[in-house]
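Encoded as structure tokens, the structure appears first; notes follow it.
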Amino acid sequence: MNAVTILGLVAGICTTSAVVPQLIKAWKTKKVEDVSPGMFAILMLGVGLWVVYGILKNDLAIILTNGVSFLFNLSMLYLMIQYRRN
């Protein structure tokens, strides 16, 4: 694994894990009123497009980190929908 790939993986891990504290907080408190669903929807579109880009470029670092990020953001969007109903 070369330095550029490692750099890409570290950058991807940082951006992917950025949503984890918000996800945990929303799950524990069941409070999501101050979280923007629009922001998460746009973010999901962006990371989804990054996954497609990674597939087209055959870049595993881009595919993996953005794929996981998409799942985290989808989970947060689900929590927002679920907890705002109650």
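The values are calculated or read from the model by the stated rules, or taken from the named source; none is laboratory data. Keep in mind it's a predicted model, so treat the numbers as computed, not measured. The accessibility values were calculated without ligands, DNA or RNA, using every heavy atom of the protein model including side chains. Shrake-Rupley method; radii C 1.70, N 1.55, O 1.52, S 1.80 Å.
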query = Mean residue ellipticity at 222 nm from the helices of the chain, using -39,500 (n - 2.57) per DSSP H segment of n ≥ 4 over the full residue count, to the nearest 500 deg cm²/dmol?
reply = -28500 deg cm²/dmol
note = Descending accessible area (1.4 Å probe), largest on the left, turns Asp59, Asp34 into Asp34, Asp59
ask   = What accessible area per residue, rounded to a whole number of Å², is obtained for the chain using a probe radius of 1.4 Å?
value = 70 Å²
ask   = Just how many % of Cα pairs in the chain lie over 20 Å apart, if you round to the nearest whole percent?
value = 37 percent
message = Test of understanding: what is the full-extension gain from Thr29 to Leu56, defined as 0.36 nm times their sequence separation minus their Cα-Cα distance?
response = 5.8 nm
task = Express the carbon and sulfur contribution to the solvent-accessible surface of the chain as a percent, rounded to the nearest whole number, probe 1.4 angstrom.
result = 71 percent
